[in-house]
Amino acid sequence: MPRQGEQSQWDGAGMSQEDFMYKDECITLDKEDNVTGHANKYVTHQFNTKQPRGILHRAFSVFLFDEQGRLLLQQRASTKITFPNVWTNTCCSHPLHGYSPTEVDTPEDVANGTTPGVKRAAVRKLKHELGIEADQLPVDKFKFLTRLHYWAADTVTHGPSAEWGEHEIDYVLFFQGKVDTVGNPEEVDDLKYVTKDELKAMMDPSSGLLWSPWFRVICDTWLWGWWADLEETL
């Protein structure tokens, strides 16, 4: 049973992007990824004089591959408040405070590589954004690989003095399997499976496509090596 103040199920039906900014309670952190509390998305993603890099919080990035080893990309919806229109990995979002079963991983969960909280959050958001049913996403098939601490102001959308951005410790999750997708137009503008060569062509500056900052860092640091031997990585 949920404890006092917890909810048993997240429900985003009929909610706008602005609604989510006030409803969803992100898990706030210190730089060592220790939980310090929680605050809503509006507060954590604001860049201002008081908090020039927003508030550090926990996130996840799912890289979902089909049975042929192609990676599913999404283009974030034009209505998103932070980083609209950019191409990125399959699903990028936040584990949240206040739900049962919990989405808040402990240091022990991270140390042993199980991270059940972010995996539950990933299943929740893959359903919300891409329409993938939970029975196609067994939690034990997600592989937690590493964490990335980064920050980025959304200067493309909001200009050089951008008041919105990301400051996250991002948990990178891989998954491979056959899934059925129905993109939520409030969240995604497009979905596309790509091979490594197709992704490299899309990311060439001549394409004119926009890319999320976290995806670029993950690509430059790890993705090509992990993808080269996907079976071993998983």
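The values are calculated or read from the model by the stated rules, or taken from the named source; none is laboratory data. Keep in mind it's a predicted model, so treat the numbers as computed, not measured. Heads up, the Cβs are rebuilt from the backbone with ideal geometry, glycines too, and the neighbour counts pull from every protein chain shown. All accessible areas refer to the heavy atoms of the entire protein, side chains included, with ligands and DNA or RNA removed. Shrake-Rupley method; radii C 1.70, N 1.55, O 1.52, S 1.80 Å.
Quick look at the numbers
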quantity: Lysine-lysine proximity count for the range 25-132, Cα under 20 Å, sequence distance 8 or more or distinct chains; calculated: 10
quantity: Nitroxide proxy distance, nm - points 7 Å out along Cα→Cβ at Val182 and Ser78; calculated: 2.4 nm
quantity: Surface accessible to a 1.4 Å probe, per residue, for the residues of the chain, Å²; calculated: 48 Å²
quantity: Magnitude of the charge dipole, the chain, Cβ model with Lys/Arg +1 and Asp/Glu -1, debye to 20; calculated: 260 debye
quantity: DSSP beta bridges in the chain [antiparallel fraction, %, rounded to 5]; calculated: 75 percent
quantity: Theoretical ellipticity at 222 nm over the chain - DSSP helices of four or more residues, -39500 (n - 2.57) apiece, nearest 500; calculated: -6000 deg cm²/dmol
quantity: Label selected from (i) 140; (ii) 193; (iii) 127, the criterion being volume of the Cα convex hull per residue in Å³ as computed here; calculated: (iii)
quantity: Cα→Cβ-extended label distance, 7 Å offset, between Thr49 and Thr221, nm; calculated: 3.3 nm
quantity: Carbon plus sulfur fraction of accessible area for the range 47-162, probe 1.4 Å, in percent; calculated: 52 percent
